[in-house]
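Below: the structure, in structure tokens.
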Amino acid sequence: MSQQASPRGTFLKVADSVKELIQRDPEMTELPSLSEVMREHGVSRGVAIRAYGVLRQEGLAEPVPGERWRVIRSGSQVDRRPLHERIADVIMADGLQAGEAFPSASSLVERFGVSRPTVTKALEKLEAAGVLAGGGQGKVRTVRAMPTREERS
């Protein structure tokens, strides 16, 4: 990007560039990180955030806590529930019973495509709700109780 002032607004040009990426790649599910956009376009974090705000207003993307911004495509279904609710569903999906070992944080990171700290927070919520027990450094987390509707909904 040119360092000169743009009559249209640099953030709008960046938004247009990212829109082109979305249109060219129908398999794209996540936007580039803000750092990648900043580096590629030579802009500040504020400009990158404003550009992503434009994509949000236009219904092309949405922020996901603990993850990259997600591309929204018409006709596609995406589970937008909080991560702890989606992780609680693992108990039913994997047919786990009380007392059985729960998947490791590493396997959940891979399964849900989120960061480890995000998985850790979700697991802590499930432990506080009494659904999971144990955990911690080197300990196997187990299912304590079947999730209620609040944890699974």
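Each Cα pair under 8 Å and six or more residues apart adds its sequence gap; the mean of these over the residue count of segment 93-153 is a relative contact order of 40 percent. Partners of residue 125 within straight-line reach, counting lysines whose Cα lies under 27 Å from its Cα and excluding those fewer than 8 residues away in the same chain: 139. Between residue 101 and residue 81, the distance separating the two model label sites (each 7 Å from Cα on the Cα→Cβ line) works out to 2.6 nm. Mean sequence separation of contacting Cα pairs (under 8 Å, at least six apart), scaled by the length of the chain, corresponds to a relative contact order of 19 percent. Across segment 85-98, computed HN-Hα scalar couplings (Karplus, 6.51 cos²θ - 1.76 cosθ + 1.60, θ = phi - 60°) run 6, 5, 5, 4, 5, 4, 4, 6, 4, 8, x, 7, 10, 4 Hz from first to last residue, x flagging Gly and Pro. In the chain, the calculated helix contribution to ellipticity at 222 nm averages -14000 deg cm²/dmol per residue, counting -39,500 (n - 2.57) for every DSSP H run with n ≥ 4. Hey, rough spin-label estimate for residue 40 and residue 73, points 7 angstrom out along Cα→Cβ, what's it come to in nanometres? With each label point 7 Å from Cα toward Cβ, the separation is 1.7 nm.
Remark: spin-label model distance residue 49-residue 146 equals 4.5 nm, labels positioned 7 Å along the Cα→Cβ axis.
Any read-out appearing in this document is the output of simple, stated calculations on the displayed coordinates, not a laboratory observation. Source: prediction; values computed, not measured. In this analysis, Cβ positions are derived from the backbone assuming ideal geometry, glycine residues included, and neighbour counts consider all displayed protein chains.
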